[in-house]
1. Does any residue in region 129-140 that is in a helix (DSSP H, G or I) come within less than 8 Å, Cβ to Cβ, of a residue that is surrounded by 11 or more Cβ atoms within 10 Å (Cβ to Cβ) and basic (Lys, Arg) six or more places away or on a different chain, and which pairs are these?
2. Evaluate the following for Ile131: is it surrounded by 14 or more Cβ atoms within 10 Å (Cβ to Cβ), within 25 Å of Ala37 (Cα to Cα), not polar (S, T, N, Q) and not assigned by TED's automatic domain parsing to the domain that holds Leu41?
3. Of these, Gly124, Gly91, Gly150, which one is surrounded by fewer than 16 Cβ atoms within 10 Å (Cβ to Cβ) and outside any helix (DSSP H, G or I)?
4. Which ones in region 29-51 are among the polar types (S, T, N, Q) and surrounded by 10 or more Cβ atoms within 10 Å (Cβ to Cβ)?
5. How many residues, within region 170-179, are over 16 Å from Ala160 (Cβ atoms) and in a helix (DSSP H, G or I)?
6. Here is a list of conditions, (1) under 30 Å from Ala130 (Cβ atoms); (2) without any contact (Cβ under 8 Å) to a residue 24 or more places away in the chain; (3) not hydrophobic (A, V, I, L, M, F, W, C), and Gly72 meets all of them except one; can you say which number that is?
7. Does Asp155 fit the bill of being modelled with pLDDT under 90, charged (D, E, K, R), in a helix (DSSP H, G or I) and within 30 Å of Lys93 (Cα to Cα)?
Amino acid sequence: MNNGRLEKPVYQLPLGFDLVGIEEAAQQDERLSSEAALAALSALRMKEPIIQKIRVKDVDTNKIIEKDEITGERDVEPRWMDLFKRLNQGGWKWRVAVYIAWASQPKKYRWPETQEELAVKCLGLTSDRAIATWRKKNDTIDETISMLQGSIIFDALPDALNAMVEVATESDYKGHADRKLMFEMGGIYTPSSKITAEIAKKLSKSNMDETDLSDDELRDIAGAAKHELERRATPLPLSTEVSPQMEEHHLEGEEQGNE
């Protein structure tokens, strides 16, 4: 070396292995890391509250009712575990299958709560950057999540309808909204606002004016308009709960609007 310059070429010293060996070693490390993370996943458990029914007196109705009370906790598999297993058996790589199963759940049932925690606790990764890469390279991931979210909703519909019927058939004023919805779904009751909207839609799509309407249709419009004006003139109550008297008055007003 002269004045900081190399006068002869410098050759790499032989290290006893080449780049192919380095790549193979890296792949082996990744495989072992993946297998260890997968083994840890099978033993993964979350805390779930133990809920029991207890009988208490309702302060509003003075009746004995049942309510849920948390009495402890237990260790269970995450809600998405069964879905993950089906996805994995269907050919999805296990880490991607975990993400899809987790992201398909409603947010209140996701465990861990964040994508970052999922990557670290469940996938054996150092961050969630890999998840963003998967989604960018494979549009099918987000499409599968959307499809599964839709199927979860449809699977829950029977339970939701049963819950609505149970509340609606109770002789409690708190079931007013459920009763009204059930009557609408059964075609027994039609809100006056819907009738008015249908008539307005009919008028807007034709050259009809009020002289073309029947007496019943005119009465429907007049009754609905009167009911809406009365509703707007009535100040909102401080409490959002509906008393038996309020429910009776509400139903009478709707009946008058439909006459």
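1. Correct list of pairs: Ala130/Arg95.
2. Criteria not met by Ile131.
3. Values: Gly124 fails: surrounded by fewer than 16 Cβ atoms within 10 Å (Cβ to Cβ); Gly150 fails: outside any helix (DSSP H, G or I).
One residue alone meets the criteria, Gly91.
4. Applying the first criterion (among the polar types (S, T, N, Q)) to region 29-51 yields 33-34, 42.
Within region 29-51, Ser33, Ser34 meet the criteria.
5. If we filter region 170-179 for residues that are over 16 Å from Ala160 (Cβ atoms), which is where we start, we get 170-174, 176.
Next, from what is left, pick out any that are in a helix (DSSP H, G or I): 173-174, 176.
Number of matching residues: 3.
6. It is condition (1) that Gly72 fails.
7. Numbers: modelled with pLDDT under 90: yes; charged (D, E, K, R): yes; in a helix (DSSP H, G or I): yes; within 30 Å of Lys93 (Cα to Cα): yes.
The answer is yes for Asp155.
The values are calculated or read from the model by the stated rules, or taken from the named source; none is laboratory data. As the structure is a prediction and not an experimental result, all values here were calculated from the model. Please note: Cβ atoms are built from the backbone with ideal geometry, for glycine as well, and neighbour counts cover all protein chains shown.
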